[in-house]
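S.K.: Could you have a look at this structure, given as structure tokens, before my questions?
The values are calculated or read from the model by the stated rules, or taken from the named source; none is laboratory data. These numbers come from a predicted model, not from an experiment. Every residue, glycine among them, receives a Cβ derived from its backbone with ideal geometry; neighbour counts consider all protein chains shown. Remember, those area values only see protein heavy atoms, side chains included, never the ligands or the DNA or RNA. Shrake-Rupley method; radii C 1.70, N 1.55, O 1.52, S 1.80 Å.
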Amino acid sequence: MTTRDDTKTTKTRLDALRVEIERRNPAQPEFHQAVHEVLDTLAPVLAARPEYAEPGLIERLCEPERQVIFRVPWQDDKGHVHVNRGFRVEFNSALGPYKGGLRFHPSVNLGIIKFLGFEQIFKNALTGLGIGGGKGGSDFDPHGRSDAEIMRFCQSFMTELYRHIGEHTDVPAGDIGVGGREIGYLFGQYRRITNRWEAGVLTGKGAGWGGSAIRPEATGYGSVLFAAAMLRERGEGLEGQTAVVSGSGNVAIYTVEKLLALGANPLTCSDSSGYVVDDKGIDVDLLKQVKEVERGRISDYAERRGASARFVPGGRVWDVPGDVALPSATQNELDENDAATLVRNGVKAVAEGANMPTTPEAVHLFQRAGVAFGPGKAANAGGVAVSALEMAQNHARTAWSPARVEEELAHIMGDIHTTCHETAERYGASGDYVTGANIAGFERVADAMLAQGVI
Ligand code: GLU
């Protein structure tokens, strides 16, 4: 039986651990934020299951198994040499090979990759598909670079990364700044260096050479399915609801597409220069043309769309009223003030398409206001889940139909929702998907770590 004393001791231990993690990982605020969010929710499970309170287990979970940092030199089209930094953080492989995307963005540093890798452990555990957690990337800025420059950068990046990855070891994929084009160049260089056709070493490949159907769509589709499941739990549907979506990359585009397919009305999308509101609902074909084909800015969408759309330079997309909010751009893009505005405007559900887009204060505000809040670990797990299905297809040397992959994705998202919901209930936090996702993911990883000994 758990006593109040046990709970207090656990809390004191977690507080001490939190201080120690900050001391040993200085200047990594996003990593601290991601760790704190998990530790804040674990006290009830540590108190109820003494085996999890074993000294060293949480400490091991918060320390990456391996961290690789490397130089990425490359030449631009004018012959100038640039030096970027590459990262791969192999965080936890208790459940399977390290799995997680690569992010190419000037904001990337070790702390960002560690926060993403840490979140990925729990997200991947929630999919139930036998994948560990990892993440990588570079501070390379792909913006405005030619195709040839992107190719040379990817080749240089892989020339070091190849020795650390493999279909049974570590399987990277895309994230911000890394899509089908980059995965193609990375795969080509891996194949050339290793002289192996090892399809399962990267996911997000092209449809004709080992990629899974629905992988590009999976993260966005999945987060809409998660939002729909949260609404269903409250006796509502998505049909006829208005939605505020941020971002205009891969996640946002397919979030908009799925919202439209389910009869909802996505009103917005955004990029770093501002946002677009479209009273008629975002035209997903035009959005794809502008962003995926032309690699343009979101303001181009407003110019081409006509009277229903306007571009608001530099504004906050969260000022637009909507029934559902789907932050799908980047970390900490939705703060306490934005949350207060959304609540005032009657938002009912928030599903995180991006990783950690909502600040901790904003999450608490939503929860206090009774808004259904789906954390990224659960809500955006559809992307990595279909990556795991891509690995399964590669191992079997087969390709499933889009309908089959979509059906699997819907099942997986439904299961993740149920798991988070039931786990929260079991630990006295009914309706709290953050606690449900953290504890359910933790239980799976911790059980495997305990069974495999102190390594
Ligand atoms: N970058 C995506 C994520 O945050 C996908 C990772 C993958 O497919 O491995 O989950």
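S.K.: Would you check if Asp415 is closer than 22 Å to Thr203 by Cβ, more than 16 Å from the ligand (Cβ to nearest atom) and out of contact with any Pro (no Cβ under 9 Å at 6 or more places or on another chain)?
M.R.: Answer is yes for this residue.
S.K.: Turning to a different aspect of this structure: Mind checking whether some residue in the range 128-150 is touching a residue at least 24 places away in the same chain (Cβ under 8 Å) and in contact with a Ser or Thr (Cβ under 6 Å, 6 or more places away or on another chain)?
M.R.: yes
S.K.: Do we have any residue at all in the range 134-142 that's in contact with a Leu (Cβ under 6 Å, 6 or more places away or on another chain), among the hydroxyl-bearing types (Ser, Thr, Tyr) and not in a helix (DSSP H, G or I)?
M.R.: So far as the range 134-142 goes, no, none of its residues is in contact with a Leu (Cβ under 6 Å, 6 or more places away or on another chain), among the hydroxyl-bearing types (Ser, Thr, Tyr) and not in a helix (DSSP H, G or I).
S.K.: Tally the residues that are in a helix (DSSP H, G or I) and either under 19 Å from Val224 (Cβ atoms) or in contact with a Gly (Cβ under 9 Å, 6 or more places away or on another chain) (or both), restricting the search to the range 303-342.
M.R.: Our first condition is that a residue be in a helix (DSSP H, G or I); within the range 303-342, this holds for 303-305, 317-319, 336-342.
Then drop every residue that is not either under 19 Å from Val224 (Cβ atoms) or in contact with a Gly (Cβ under 9 Å, 6 or more places away or on another chain) (or both), which leaves 317-318, 342.
Counting residues in the range 303-342 that are in a helix (DSSP H, G or I) and either under 19 Å from Val224 (Cβ atoms) or in contact with a Gly (Cβ under 9 Å, 6 or more places away or on another chain) (or both) gives 3.
S.K.: Out of all the residues in the range 178-200, is one or more open to solvent by 20 Å² or more (accessible area, probe 1.4 Å), on the phi > 0 side of the Ramachandran plot and more than 16 Å from the ligand (Cβ to nearest atom)?
M.R.: Yes, the range 178-200 contains a residue that is open to solvent by 20 Å² or more (accessible area, probe 1.4 Å), on the phi > 0 side of the Ramachandran plot and more than 16 Å from the ligand (Cβ to nearest atom).
S.K.: Test of understanding: among Gly204, Gly247, Gly237, which residue is within 22 Å of Phe366 (Cα to Cα), under 15 Å from the mean Cα position of the chain (by Cα) and not in a helix (DSSP H, G or I)?
M.R.: Within the list Gly204, Gly247, Gly237, the selection yields Gly247.
S.K.: Go through the range 301-313 and give me each residue that's in contact with a helix residue (DSSP H, G or I) (Cβ under 7 Å, 6 or more places away or on another chain) and surrounded by 17 or more Cβ atoms within 10 Å (Cβ to Cβ).
M.R.: Tyr301, Arg305, Ala309, Phe311
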